[in-house]
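Next up is a structure, given as structure tokens.
Bear in mind that the values in this text are calculations on the coordinates, not laboratory data. As the structure is a computational prediction, the values presented were derived from the model and not from experiment. Quick reminder, even Gly has a Cβ in these numbers, built from the backbone with ideal geometry, and neighbours come from all protein chains shown.
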Amino acid sequence: MPYEPPVESPMHLRDALAILASEGSRPIAGGTDVMVQITGELGPPPERMLDLWHLQELRGIALTGNTLSLGALTTYTEIRRSGRCREHAPALVEAAATIGAAQIQNRGTLGGNIANASPAGDTLPVLLAMDAEIVVGSLRGERSIPARAFWTGYRETALAPDELVLRVLLPTDPERRVRFRKVGTRRAQAISKVVMALSWRDGSSAGWQDVRLALGSVADRPIRAKETEAMLEGRLPTQATADRAAASIAAEIHPIDDVRSTAAYRRAVTARVLHRLIRDAGGW
Amino acid sequence: MSYRLLVNGDPVEIDVPGMRRLLDVLREDLGLTGTKEGCGEGECGACSVLLDGDVVDSCLVPICQADGHVIRTVEGLAPASGSGLPSETAASPQLDPLQAAFLETGGAQCGICTPGMLMAGQAFLASGADPTDEAIREAIAGNLCRCTGYTKIIEAIALAAARPSFDGVG
Amino acid sequence: MTIRTPTRRVPFPGAPGRSAPDALVVAPGEVGVGRARGAPLRREGPAKLTGLAKYADDLVFPGAWYGATIRSTQAHARLDGLELDPGFDWSKVVIVTAADIPGENIVSLISDDQPVLVPQGGEIRHHAEPVALLAAADRETLRAARRRVTLRTTELPPVFDPLRSEQVFAHFDIRTGDVDAALAGADLVIEGTYRVGHQEQLYIENQAMIAVPREDGGVAVHGSLQCPYYIHKAMRRALRFDDRQAQVVQAETGGGFGGKEEYPSMIALHAALLALKCRRPVRMIYDRHEDIAATTKRHPAIVKYRSGVSRDGRLLGQDIEIVMDGGAYCTLSPVVLSRGTLHAGGPYRCENVRIQSRAVATNTPPNGAFRGFGAPQTEFAAEMQVDRIAEALGASPLELRRRWVYQLGDVTPTGQVLRESVAGEEVLARAAEASEFERLRERTAAAQNLRSAMGGRGPATASGIGLALAWHGAGFTGSGEVHLASVASVELTADGRITVLTASTEMGQGTKTIFPQLAATELGVAIEEVEMAPQDTALVPDSGPTVASRTAMVVGGLVIKACRRLREQVEARTGQPFAESYREDARLRGATRVDQRFEPYPGIEFDDATYRGDAYPAFGWAACVAEVDVDLDTGEVAVRNVVAADDVGRVIHPVLAEGQVEGGTLQAVGYATIEEIKVQDGRYLNDRLATYLIPTALDAPRITSILVEAPFSGAPHGAKGVGELPMDVGAPAVVAAIHDATGVWIHELPATPERILAALAAAGSDEPRAASA
């Protein structure tokens, strides 16, 4: 039986934000990451907790104009079952399906994945590739942070200590393609060795436009591969493009050895998966 | 803090720290030891229970998040066993169709993953999904078993799904 | 923090020792017995399926304290002392050190080298070695106390590389014929070095033991365990108990696989020491992290192999060198090494064989028993050699095995003549036929040719099929069973019940189902009329450990013989069939108990000194065909289908036997593909379930099991055991299939994507883009 820190379970967002501002409690959403931390085996357990589970303001999936909005407490199961997500964010649905298994998907939340800021967070490259906006709030008010500026270091975010993730805004764009691929040790219940999301707009003969290539588990945080994106910009998905992109990404990233895999494998596989995604897009 | 739950149909009010794991409340405070702990970090699924019908790892749910919700454990599967809360008069066990299918096919060996596996199987059957081999495998992918190679567990769930007696809405 | 009493605490009636009901109350018709193919349903199944079965951590002992182990954080050091933080209130905590041990400070097993606790001034030999014990009334106090204990140590130089270790626990040297001459005269000599790493048993129930003081000054331990009498002996020696003061009771056990063969002795001693000092029950329940970090694993091994063959495909000579890493203490290493050595040549006829082996010490946690017990390590090497020879000769791996496999009358390297129960050829044929091995292999070869022709372009995945064959000695090695002299009993009680008394434990494999089944068959009664006595050393005789796939064959045989004698006695008295007269006999004459002691199998002789003779009374035979898909971009392997054919002598219970084959096959698939302990400076890095991964249902292949019966005449029912067979063949079959798919051989288990991609790159068969990477 692990340590049981004191917890408050507010029913309203303003109460939660007030507690956060005054006590600096550790927020808990679906608990799939935080409940492992209270065992104290991975470091000192949090001193006090703030339970977000009852905050209805943080729930719900809505489509407004060209923006899909997902509340921070949206679970992976809700993402998988959502017709709106399947239509407008299929890569996010795909990512959600690779996380844990049913038990984790029923509790784990998109907001939790974002705030936990694991470099291996499976939805995070998709958010980067879709250029998501992460709306955060405190008693001081709301602000919107682009996904590309959200993760600032190893398990560090742009969140101020008194801020919570409230919702995620995904621009919907029928012209944009997003491809997702996770490489893990097994087919369920696995933390990724490499996770990739690649997106572009089809410019027909003008080649790919506005290319975004996002990666997890190859750096201290989820990253965009800017050099390779620039290299892919305006290109058609040919074998020459794939070869150059693979070489480019292999040179651009600096993964490490850890308990799950090796730097050499991560580098090689990132290049090969990117090559494969381009090849599949090109249909050759 | 005082928390109220409906456990296997029985209302329960319990005064424990809010961060106590649902697993510990079930096992230690309510004496429902059918739910097992295998890892304490949501990897093995031995502690799976149904929370409002969804399968969850009870080691990852603090009791404050289960307040006001409906919990079903292995003790509450068989209809005749009532609440499942142990009592002096607990009769010999009755089996529901899924449990009976596990018994017939050999889906339980050492038995330690079995309660969690049954809850994942129950959630799958209740979902009404097409019981293909692949769908069953996905439904129990969060439940590790080291004895069976999963073969006879999958067979048991498919068998229960095929039985007309199965009352999926539970 | 204080934990408030709940407003509603439901009283827990499950008194310790109360056995869960095992009567079947499924309404007739609910359970189609046809699906169990006429065999009885699992005896304790209903209890397990309803949550009523009591595993150790489910048992409630009022007033029990919680125990914890203080462990070393260094791999090699001298223990200078324990420092207790003076700022902590130690009056609430009981501390046990080596000085509190009333008897010998050893965990009794083969060699007396492992201490129960490292004594002051003693040598810490591995990371996570037990140094002291704590107990407290509640977990919060215990948690706080653990943080206030510091070990004072002087670091010593560690040895991690088994090839550099100078301390040898055991060594063997088996020779037949003239290997050097055979290799010199061979047309082709294939050499290989194969490495296998630690594998964790990963029973889903962690190690757990609860010690309860007895009124006679002894201690009863209730726990998760395989071998009650191993623990009993360890308690007698370390705690200076007599036979009755030491009492061992098995709780329902959530898997063992060898992992609960010897380590529970350590935990039982720890719990008992605390209980003696606290004068109250103490619960010693490991969490997963402690269980993986501290308890035994499968021995890592390095096997060097040279095989000489003639151009026309005759196996001329095998020269084999084995080094096993025993870890810091001897534990079972000599017998693990012995079995590994005896199986190293594979099930193949060869006149010139030399097998030299040693198990050595390193400053890593001790390795121990795990399903297969040394054989999976060496048979992986043996099967890799056969496949590589087949490739070199351009021969079919199936055909080569068919030519070489032992036949009746063949002689093994120890000089054992295989006089009966030889089924290697049959399991091979059955597995190959059911899997359509030859046809699928032609198809994968064609796909590989097409891929080569396309210059590496083509589908992202490649399919492959692989085959492996193995033998597995049934029961204990050599004269082990003679030395054990196990006893099993059956009793007709005065109130007319039939009870089987053995120390054989149920841990999922079906002991509690097949023993009543064997007894009922022998006595001519319904299975419901036969009861199993609980596995409690106060009640049951020492029928030996539940290991080595010996339960069905050896102890099952004793049960049958005991029943036969009981039936004869009753029938002689009553002049009527047993089934119709035993209740009346009991009423008139009271109880009748028959104790059956093991008698050596006729004609089976082994010389432990020279390692010549009948290494095993019989062998089981196993073949496995695996189909895989390999993702050529990532090296990820999906094992799609496995066909396993296993000769078990006689099938007692088809559902349970298949369950053993299926479960063992998946453990072997895990061993082949993803299961790997990563060690750094003698510490296991992935000592959690989030980092040590085993296959999920999505990773598991579709498994088809074929049970073959080549009975062993020494056992009254012909059974030879099944548990370990599938473990020997799964890994080499998967690695052969990976080769069939990709063209590269992986010499080291597990065949991870990292190793596969590295091998593809080294072979130059990599796709063009990798050159630029």
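Out of all DSSP beta bridges with both ends in chain B, state the antiparallel percent to the nearest 5.
Antiparallel bridges make up about 85 percent of those DSSP assigns within chain B.
Please work out whether the stretch A:1-117 counts as rounded, prolate or oblate from its C-alpha gyration tensor, where a ≥ b ≥ c are the square roots of the eigenvalues and a/c under 1.5 means rounded, while otherwise a/b larger than b/c means prolate and anything else oblate?
Verdict is oblate for the stretch A:1-117.
Looking at the stretch A:197-264, which GluC sites (Glu not before Pro) are DSSP coil and have at most 14 other C-beta atoms within 10 Å of their C-beta?
Sparse-neighbourhood loop GluC sites (Glu not before Pro): A:GLU233.
To continue, here is another question. Can you pull out the chymotrypsin sites (Phe, Trp or Tyr not before Pro) in the stretch A:106-159 that DSSP calls coil and that have at most 13 other Cβ atoms within 10 Å?
Here the sparse-neighbourhood loop sites are A:TYR154.
What is the distance in Å between the Cα centres of the stretch A:120-159 and the stretch B:18-83?
The stretch A:120-159 and the stretch B:18-83 have Cα centres separated by 33 Å.
Per residue of A:34-41, count partner chain C-beta atoms within 10 Å of its C-beta, then hand back the mean as an integer.
6
Which order do C:TYR66, C:TYR616, C:TYR305 fall in if you start with the one that has the fewest other Cβ atoms within 10 Å?
Placing the least packed residue first, the sequence is C:TYR66, C:TYR305, C:TYR616.
Same structure, new question: Within 10 Å of each Cβ in C:429-436, how many Cβ atoms from other chains are there, averaged over the peptide?
0
Next question. Post the alpha-carbon centroid distance, the stretch C:624-677 to the stretch C:302-363, in whole angstrom.
Cα centres, the stretch C:624-677 to the stretch C:302-363: 24 Å.
Go through C:ILE694, C:ALA719, C:VAL735 and say which Cα lies farthest out towards the positive end of the charge dipole of the stretch C:682-756; charges sit on Cβ, +1 for Lys and Arg, -1 for Asp and Glu.
Towards the positive end, the residue furthest out is C:ILE694.
Tell me, how many Å apart are the Cα centres for the stretch C:182-234 and for the stretch B:102-126?
Cα centroid of the stretch C:182-234 versus Cα centroid of the stretch B:102-126: 28 Å apart.
Another question about this same structure. Can you figure out the FRET efficiency of B:ARG4 with A:GLU175, using R₀ = 56 Å and their beta-carbon distance, to the nearest 0.05?
The value I calculate is 0.65.
Along Cα→Cβ, 7 Å out, is where each label goes; now give me the distance between the ones at C:ASP495 and C:LEU539 in nm to one decimal.
Taking the simple label geometry, C:ASP495 and C:LEU539 are separated by 1.3 nm.
In deg cm²/dmol, rounded to 500, what helix-only [θ] at 222 nm does the protein assembly as shown give when every DSSP H run of at least 4 residues adds -39500 (n - 2.57) and the total is split over its residues?
-9000 deg cm²/dmol
Which order do peptides C:181-193, C:530-542, A:206-218, C:288-300 fall in by mean Cβ count within 10 Å, highest first?
C:288-300, A:206-218, C:530-542, C:181-193
Separate question: Simple spin-label model, 7 Å along Cα-to-Cβ: A:ARG155 to C:SER581 in nm?
About 7.6 nm, to one decimal.
Something else about it: Report the local net charge at C:ARG388: Lys and Arg +1, Asp and Glu -1, summed over other residues whose C-beta lies under 12 Å from its C-beta.
Once all neighbours under 12 Å are counted, the net charge is -3.
Would you please state which residues of the stretch C:39-75 a label at C:THR150 would reach in this model, taking the label point 7 Å out along Cα→Cβ and a backbone N cut-off of under 18 Å?
C:70-74
Once you list every other residue whose beta carbon is under 12 Å from the beta carbon of C:VAL107, what net charge do they have if Lys and Arg are +1 and Asp and Glu are -1?
After counting each charged neighbour, the total is -3.
Need one value for B:20-30: mean number of C-beta atoms belonging to other chains within 10 Å of its residues' C-beta atoms.
Mean partner-chain Cβ count within 10 Å for B:20-30: 4.
Using the structure shown, list the pairs from B:LYS36/C:LYS48; B:LYS36/C:LYS277; C:LYS277/C:LYS297; C:LYS561/C:LYS720; C:LYS260/C:LYS512; A:LYS193/C:LYS678 with a Cα-Cα distance above 22 Å, or answer none.
B:LYS36/C:LYS277; C:LYS277/C:LYS297, as the Cα separations exceed 22 Å there.
Extending each Cα 7 Å along its Cβ direction at C:ALA453 and A:LEU139, get the distance between those two points in nm, one decimal.
For the pair C:ALA453/A:LEU139, the computed spacing is 7.5 nm.
Name the shape class, rounded, prolate or oblate, that the alpha-carbon gyration tensor gives for chain B, where a ≥ b ≥ c are the square roots of its eigenvalues, rounded holds for a/c under 1.5, and otherwise prolate holds if a/b is larger than b/c and oblate otherwise.
prolate
Give, in nm to one decimal, the length gained when the segment between C:THR610 and C:ARG311 is fully stretched (0.36 nm per residue of separation minus the Cα-Cα distance).
Here the segment from C:THR610 to C:ARG311 would lengthen by 104.2 nm.
Additional query: Is the shape of the protein assembly as shown best called rounded, prolate or oblate, per the rule: a/c under 1.5 gives rounded, else a/b larger than b/c gives prolate, else oblate, with a ≥ b ≥ c the square roots of the Cα gyration tensor eigenvalues?
Oblate, because a/c is 1.5 or more while a/b does not exceed b/c.
Same structure, new question: Applying 1/(1 + (r/R0)^6) with R0 = 56 Å to the Cβ-Cβ distance of C:GLN167 and C:ALA591, what FRET efficiency is obtained, to the nearest 0.05?
FRET efficiency, C:GLN167 to C:ALA591: 0.60.
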